[in-house]
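Following: one structure in structure tokens, then a few remarks.
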There are 2 protein chains.
Amino acid sequence: MNGAELALPSIGSKKREGVSRMATTGKQLFTTLEADGTLTVALEDVAFDDPAHNQVLVRMEAAPINPSDLAILVGGADMENADYTPGKFVARMPEAANTASKARHGLKLPAGNEGAGTVIAAGESDAAQALMGQRVSCVPGNAYSQYCLADADMCLPLGAHSAEEGASAFVNPMTALGFVETARADGQNAILHTVGASNLGQMLTRICAEDGFELVNIVRKSDQVELLKGLGSEHVVNSSEDDFMDRLTDAIRATGAFYGFDPVGGGTLVDTAFRAMERVAREQMAEYSRYGSNQPKRMFIYGRLDTSPTILTPSYGFGWTLSGWLLFPFLQSIGQETMGRMRQRVRDNLTSTFASSYKSRVTLEEMLTKDAVLDYRAMRTGEKYLVTPWA
Amino acid sequence: MNGAELALPSIGSKKREGVSRMATTGKQLFTTLEADGTLTVALEDVAFDDPAHNQVLVRMEAAPINPSDLAILVGGADMENADYTPGKFVARMPEAANTASKARHGLKLPAGNEGAGTVIAAGESDAAQALMGQRVSCVPGNAYSQYCLADADMCLPLGAHSAEEGASAFVNPMTALGFVETARADGQNAILHTVGASNLGQMLTRICAEDGFELVNIVRKSDQVELLKGLGSEHVVNSSEDDFMDRLTDAIRATGAFYGFDPVGGGTLVDTAFRAMERVAREQMAEYSRYGSNQPKRMFIYGRLDTSPTILTPSYGFGWTLSGWLLFPFLQSIGQETMGRMRQRVRDNLTSTFASSYKSRVTLEEMLTKDAVLDYRAMRTGEKYLVTPWA
């Protein structure tokens with residue numbers, strides 16, 4: 001199905017003084033964590049406001065469940081023993097996770113960073129009006145919903161692409177492109193990615209292959225090695241192999257990748273990357289230094305697949321930097337021109353370089369069932385869920 | 001005693017073809033870690049080369065034992081059960097520490113970053129010749145020695161100051177000034193220091209008071225609070241108090257110190273600083289974000305008083321950066337002019353802003369006795385040792 005085939009509800013797009021169109025109502029998911037650790041995620045019927053100035057109202061057709069959505073959706077809650085009823089679950093958040101989430105206590109929050117659908121109403125700005133009737137990908141922050149209000153400037157018109165093809169057109173593509181932009185701006189010619197076989201990792205692999213940019217991929221299974229080699233990745237190392245540290249060191253030596261990105265966060269993966277980088281740097285030192293090498297080593301944590309603490313051992317001197325990395329602050333920092341170039345590249349290659357694949361499609365109701373929750377919260381590589389609110 | 005009073009051995013300063021002056025010999029400390037974990041630290045008689053081009057030969061009179069010297073001197077070795085004989089100890093390095101130190105296995109290394117003494121021979125460069133006969137502070141890397149070869153460009157002429165006054169003129173003063181330079185270059189108006197009452201912390205406090213630069217000092221004892229307040233520090237928080245986290249948050253709110261320096265490294269001190277910074281940042285946010293604040297938070301680890309891993313919890317979003325910070329790479333990055341200005345400030349204020357104090361003075365032999373080792377390796381705040389090789 002493409003945009004032209006979709007029958008749209010006919011709703012006026014402009015607000016006029018004193019005259020309001022009939023309110024658009026639909027189901028939307030909300031997640032609420034109470035101070036006592038009770039997490040309630042439930043669908044509610046919502047009346048959506050008319051789109052203001054540069055907003056559009058999008059009838060949502062598909063929204064992915066990304067790792068970045070899971071924290072607010074289920075976080076560290078005990079989903080095995082949660083209470084599941086149609087359109088709702090109630091779970092217990094363990095003490096530590098609940099305390100860490102204090103800032104959201106009592107807040108009823110939407111969820112779903114991104115998705116795709118069709119614009120059925122638009123604010124009065126030219127950018128908003130230009131999208132009227134078009135299928136777009138968007139970044140509303142409440143994508144687990146039948147309707148969303150979205151910023152027209154952040155919408156990507158999908159042309160003849162399906163909503164499923166466009167549902168993940170923002171977070172992963174812009175993040176993968178953002179890594180290369182970040183590294184280039186910092187004078188790098190190579191990067192390391194600690195989760196090579198993820199949807200994002202595969203995009204990054206295709207981007208780097210297209211651009212001739214050196215990439216070291218870490219994966220956890222041998223079939224993932226084959227997968228990435230098939231996408232043109234030359235340096236894939238398997239952390240399950242006994243000689244992982246040596247192979248990682250070899251790959252860093254071969255590429256000069258002293259710069260990397262990690263979505264795991266917790267545990268020792270970043271530490272391992274720094275140690276391997278330091279091994280290469282020390283090989284190149286003329287004499288021993290008690291302070292380690294001066295080779296700058298830099299890692300970014302861009303997710304928290306593992307919410308346990310990050311462990312950094314004193315094994316690589318003082319020439320290292322570790323930062324958090326987040327898409328939106330990055331996009332705010334790069335300026336319109338770079339962002340426009342990145343978005344154009346995504347649109348031009350939506351079903352090739354930036355294609356996402358999904359294991360399962362679920363409705364809003366189905367995404368709140370035990371089977372679905374336990375499956376998607378496992379965040380297994382290559383097993384992403386897609387929410388289809390009208391299916 | 002000042003430089004003018006010191007009787008110098010008369011030794012020719014220039015090398016001539018085919019004619020060599022009589023070799024200067026003296027005791028020097030060496031530290032050797034074998035692959036089996038045996039750490040031997042011993043004095044040896046050494047013949048010192050004539051100073052080449054821009055070198056000077058310094059008869060060392062005083063050298064401090066800084067935390068930065070201890071790693072190579074004793075590291076994680078079992079000093080309680082070491083074998084102590086005159087001018088030597090032999091200790092066991094635990095497995096983990098030994099493995100982490102693999103790069104130095106079998107190497108006989110000098111120790112002692114800095115010290116002061118009198119130039120008794122000089123290479124042929126103008127800079128070296130100009131120092132002939134003067135008392136200087138220097139950074140030879142083998143300061144636990146009766147003689148050292150030092151780079152003339154790194155020597156600071158001490159004029160009438162004693163060797164004790166000049167012994168610590170480099171590492172701590174340049175590091176403390178370096179923190180303020182680093183912060184200023186990054187657009188900051190305030191910094192946090194996690195070990196406020198250390199020798200370096202006291203210098204930093206005086207520098208910030210003189211410059212009107214905001215400083216948050218963390219200390220561990222109530223008498224250290226009084227000490228720093230007496231030096232003009234307005235924001236001193238005691239980590240032993242029950243309300244430490246609240247007071248730290250208050251101090252960060254009052255100063256805007258989202259930028260800090262930490263010599264501890266291991267454990268949760270950096271994490272605590274980031275969490276307090278994030279608390280202040282979140283107070284200023286209009287609405288909740290699952291990703292935390294976008295307020296940039298930056299910490300530098302410039303030492304490893306605690307060699308256990310650095311623990312970073314996922315409690316402050318993605319707007320943070322943690323780096324190692326080391327004096328020499330920093331100095332290499334700032335250029336001659338800035339460095340000259342910093343060194344001039346140190347020289348002009350050696351007995352005020354940059355004064356160091358010492359708990360004990362030990363000879364080279366005494367520094368290798370059990371009593372001394374167990375005392376100085378404890379690195380208690382304000383209990384620094386000074387090595388006086390000719391006393």
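The values are calculated or read from the model by the stated rules, or taken from the named source; none is laboratory data. Just so it is clear, the model here is predicted, and its values are computed rather than measured. Virtual Cβ from ideal backbone geometry, glycine too; neighbours counted across all protein chains shown.
Details
- Scan of segment B:362-379 for residues that are touching a strand residue (DSSP E or B) at 6+ places or on another chain (Cβ under 8 Å), without any contact (Cβ under 8 Å) to a residue 60 or more places away in the chain and not aliphatic (A, V, I, L, M), ordered by number: B:Thr363, B:Asp375
- Single residue of B:Ala100, B:Ala82 found to be out of contact with any helix residue (DSSP H, G or I) (no Cβ under 8 Å at 6 or more places or on another chain) and aliphatic (A, V, I, L, M): B:Ala100
- Going through (1) surrounded by fewer than 17 Cβ atoms within 10 Å (Cβ to Cβ); (2) within 14 Å of chain A (Cβ to nearest Cβ); (3) at pLDDT 95 or above one by one, B:Lys102 falls short only on (3).
- Total residues in segment B:240-272 satisfying the condition of being of a type in the set (Ser, Thr, Tyr), assigned to a loop (DSSP other than H, G, I, E, B) and over 15 Å from B:Met299 (Cβ atoms): the figure is 1.
- Residue in segment A:123-144 that is surrounded by fewer than 17 Cβ atoms within 10 Å (Cβ to Cβ), touching a Phe, Trp or Tyr at 6+ places or on another chain (Cβ under 7 Å) and within 29 Å of A:Asp375 (Cβ to Cβ) present: no
- Residues in segment A:333-358 that are in a loop (DSSP other than H, G, I, E, B) and closer than 14 Å to A:Glu165 by Cα: A:Asn349, A:Leu350, A:Thr351, A:Ser352, A:Thr353, A:Phe354, A:Ala355, A:Ser356, A:Ser357, A:Tyr358.
- Enumeration of residues in segment A:328-353 that are of a type in the set (Phe, Trp, Tyr) and without any contact (Cβ under 8 Å) to a residue 60 or more places away in the chain: A:Phe328
- Scanning segment B:277-300 for residues that are in contact with a helix residue (DSSP H, G or I) (Cβ under 8 Å, 6 or more places away or on another chain) and either more than 8 Å from chain A (Cβ to nearest Cβ) or crowded, with 21+ Cβ neighbours inside 10 Å (or both) yields B:Met277, B:Arg279, B:Val280, B:Glu283, B:Gly292, B:Ser293, B:Gln295, B:Lys297, B:Met299, B:Phe300.
- Criterion: of a type in the set (D, E, K, R) and within 27 Å of A:Gly75 (Cα to Cα) - qualifying residue of A:Asp271, A:Asp223: A:Asp271
- The set of residues from segment A:75-93 being more than 12 Å from every other protein chain (Cβ to nearest Cβ) and surrounded by 14 or more Cβ atoms within 10 Å (Cβ to Cβ) comprises A:Ala77, A:Asp78, A:Met79, A:Ala82, A:Tyr84, A:Gly87, A:Lys88, A:Phe89, A:Val90, A:Ala91, A:Arg92, A:Met93.
- Check on B:Asp45, touching a residue at least 12 places away in the same chain (Cβ under 8 Å), outside any strand (DSSP E or B) and not aromatic (Phe, Trp, Tyr): no
- Verdict on A:Gly303 being surrounded by 23 or more Cβ atoms within 10 Å (Cβ to Cβ), more than 7 Å from every other protein chain (Cβ to nearest Cβ) and touching a Pro at 6+ places or on another chain (Cβ under 7 Å): yes
- Of the residues B:Asp250, B:Asp262, the single one that is touching a His at 6+ places or on another chain (Cβ under 9 Å), within 14 Å of chain A (Cβ to nearest Cβ) and at negative phi is B:Asp262.
- A:Leu149 vs. criteria assigned to a strand (DSSP E or B) and within 14 Å of chain B (Cβ to nearest Cβ): no
- Pick from segment A:380-391, criterion surrounded by fewer than 17 Cβ atoms within 10 Å (Cβ to Cβ) and touching a residue at least 24 places away in the same chain (Cβ under 8 Å), ranking: nearest to A:Leu70 (Cα to Cα): A:Glu383
- Top-ranked residue in segment B:220-238 [being without any contact (Cβ under 8 Å) to a residue 24 or more places away in the chain and outside any helix (DSSP H, G or I); ranked as surrounded by the fewest Cβ atoms within 10 Å (Cβ to Cβ)]: B:Glu234
- Cβ separations smaller than 6 Å between residues 6+ apart or across chains give no pair from segment B:55-76 residues that are within 25 Å of B:Gly201 (Cα to Cα) and in contact (Cβ under 8 Å) with a residue 24 or more places away in the chain to residues that are among the polar types (S, T, N, Q) and assigned to a helix (DSSP H, G or I).
- Of residues in segment A:83-105 being β-branched (Val, Ile, Thr) and out of contact with any strand residue (DSSP E or B) (no Cβ under 8 Å at 6 or more places or on another chain), the one nearest to A:Thr369 (Cα to Cα): A:Thr85
- Unique match (being closer than 21 Å to A:Lys102 by Cα, assigned to a helix (DSSP H, G or I) and modelled with pLDDT under 95) among B:Arg290, B:Arg275, B:Arg282: B:Arg282
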